[in-house]
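Step one of this worksheet: look at the structure below.
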Amino acid sequence: MFLVISMTKITVSIIKCDVGGWPGHSSTHPRLEAVARDRLQKAKGSEKIFDFEATHVGDDLNLILTHQNGPDDEEIHSIAFDVFEGATEEAKRLGLYGAGQDLLSDAFSGNVRGMGPGVAELEFTKRTSEPILAFLMDKTEPGAFNLPIYKMFADPFSTAGLVIDPNLNHGFTFEVWDVKEHTRVFLNTPEDSYKLLALIGAKERFVIKRIFPKDEHKLPSDEPVVAVSTEKLVDVAGEYVGKDDPVALVRAQSGLPAVGEVLEPFSFPHLVSGWMRGSHNGPIMPVSMDDADCTRFDGPPRVVGLGFNLDVDHNLVGPVDHFDDPAFDNARQKAADITDYMRQHGPFEPHRLPLEEMEYTTLPGILDTLEDQWEGVEEDYQKAETVNVGEVE
Ligand code: 13P
Ligand code: 13P
Ligand code: MG
Ligand code: MG
């Protein structure tokens, strides 16, 4: 007799795109989500996907899909591309701002990567219960996930299970991307923690891409438990068109951080870069879907956390709007206070991003206008050097 074990591999994908803001960069018009739902319902009807959720944070339209095709799949990506094209048409009709902002090419060639949209995908063997959380951010960049995800999977002061649960105690493997050099490195926690922090503290360059269970873990070590979108718009467009508002997928429980451990790091509204014109540091505010629209100074940067289970037919059971909870009121208050404090710096760093990070914003256009007005000061320096400080008249 053969023992038949059901090993269903499932893929959860978030594919997101700013196809137009309502108004400015603040929110997403409900009709864009309606277009998305309509098209995704058709894809579900023809059994190309199991299930979907179409939602937004700020001006970013987020599609959460379950299917069995694996990551980077042409059929799945073309469904998303079709949604974004349709939503862009609707955005144009409605006169929304920056219609098609992140859809930088209209020639789909098998994959939306490198076309503007952000992508986070996890393929894994489905457990009996599969708690999975989608984090969606607006007005910031992929490195904004470094701190909270490090805390979830590597900080014992945040995730108690790392200390008290034998299933988490051996730690995890982090895949970190250098988004400038287009290289990656794998680092194990806890043994490589300091090296990991040395990299991911520089969050504009080194970004946590995925996390894997280690060999000794009860889950397969080649199936990621975290995925973060790392697409950089400026690499595609060659100029500033918007920030790379990121998304992440995190699996939880049974050898992974509990849902509450996954949420805990967001009680600290850490500073991220983005906000107004993609050019400022500010706190990330955890918000409910009802508050997922950007207002003050086009922000402050926001994150929503949506929790799901997957049913026997691989439907998304949810979302649970995790930050719709007074337990995060203090974080929101702190973010509002930090917003006041940072705003008072006006155009000064470190509210405004350092010059190196401003390279791909509109600031160089201002600096260029002064190009002919600069005068040399070399002579003054020479004079200063010849002064003998020991000589007193
Ligand atoms: P599991 O590790 O069994 O998923 O549960 C731990 C937990 O939820 C504690 O809060
Ligand atoms: P988005 O990246 O969300 O489109 O915002 C761009 C911007 O300039 C906000 O001020
Ligand atoms: Mg926008
Ligand atoms: Mg946005």
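Couple of notes before you dig in:
- Looking only at residues in region 55-102 that are small (Gly, Ala, Ser) and surrounded by fewer than 24 Cβ atoms within 10 Å (Cβ to Cβ), the one that is modelled with the lowest pLDDT is Gly100.
- Residue in region 145-159 that is within 16 Å of ligand 4 (Cβ to nearest atom) and either free of Cβ contacts under 8 Å to residues at least 24 places away in the same chain or under 28 Å from Ile76 (Cα atoms) (or both) present: yes
- Only one entry of Pro300, Pro283 meets the criterion of being within 14 Å of ligand 4 (Cβ to nearest atom), within 20 Å of Pro142 (Cα to Cα) and buried (at least 21 other Cβ atoms within 10 Å of the Cβ), and that entry is Pro300.
- There is at least one residue in region 133-141 that is touching a helix residue (DSSP H, G or I) at 6+ places or on another chain (Cβ under 9 Å) and either aliphatic (A, V, I, L, M) or within 16 Å of ligand 1 (Cβ to nearest atom) (or both).
- Hits in region 279-309 - residues which are farther than 17 Å from Asp324 by Cα, in a strand (DSSP E or B) and within 14 Å of ligand 3 (Cβ to nearest atom): Gly299
- The set of residues from region 28-54 being surrounded by fewer than 21 Cβ atoms within 10 Å (Cβ to Cβ) and within 16 Å of ligand 3 (Cβ to nearest atom) comprises just one member, Glu33.
- Ile49 fulfils the conditions (1) outside any helix (DSSP H, G or I); (2) of a type outside the set (S, T, N, Q); (3) under 23 Å from the mean Cα position of the chain (by Cα) except for a single criterion, (3).
- Filtered residues of region 270-280 (kept if within 11 Å of ligand 2 (Cβ to nearest atom) and surrounded by fewer than 23 Cβ atoms within 10 Å (Cβ to Cβ)): Met276, Arg277, Ser279
Okay, residues lined up against (1) touching a His at 6+ places or on another chain (Cβ under 8 Å); (2) under 16 Å from Pro269 (Cα atoms); (3) among the small types (Gly, Ala, Ser); (4) surrounded by 12 or more Cβ atoms within 10 Å (Cβ to Cβ):
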| position | (1), (2), (3), (4) |
| --- | --- |
| Asp321 | no, no, no, yes |
| Asp324 | no, yes, no, yes |
| Arg343 | yes, yes, no, yes |
| Gly346 | no, no, yes, no |
| Pro354 | no, no, no, yes |
| Met358 | no, no, no, yes |
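- Among the residues of region 261-278, those that are of a type outside the set (Val, Ile, Thr) and assigned to a helix (DSSP H, G or I) comprise Glu261, Leu263, Glu264, Pro265, Phe266, Ser267, Met276, Arg277, Gly278.
- Qualifying residue in region 90-104 (condition: among the hydrophobic types (A, V, I, L, M, F, W, C) and outside any loop (DSSP other than H, G, I, E, B)): yes
- Neighbours by Cβ (under 7 Å, 6+ apart or cross-chain): first from region 42-71, closer than 22 Å to Arg31 by Cα; second within 15 Å of ligand 4 (Cβ to nearest atom) and among the basic types (Lys, Arg): Val57/Arg302; Gly58/Lys139; Gly58/Arg302; Asp60/Lys16; Leu61/Lys16; Asn62/Lys16; Leu63/Lys16
- Residues of region 181-198 that turn out to be assigned to a loop (DSSP other than H, G, I, E, B) and surrounded by 12 or more Cβ atoms within 10 Å (Cβ to Cβ), as a count: 3
- Region 222-242 - residue that is touching a Lys or Arg at 6+ places or on another chain (Cβ under 6 Å) and part of a loop (DSSP other than H, G, I, E, B) and, of those, nearest to ligand 1 (Cβ to nearest atom): Val225
The values are calculated or read from the model by the stated rules, or taken from the named source; none is laboratory data. Not measured: the values here are computed from a predicted model. Counting neighbours? That spans all protein chains shown, and the Cβs are built from the backbone with ideal geometry, glycine included.
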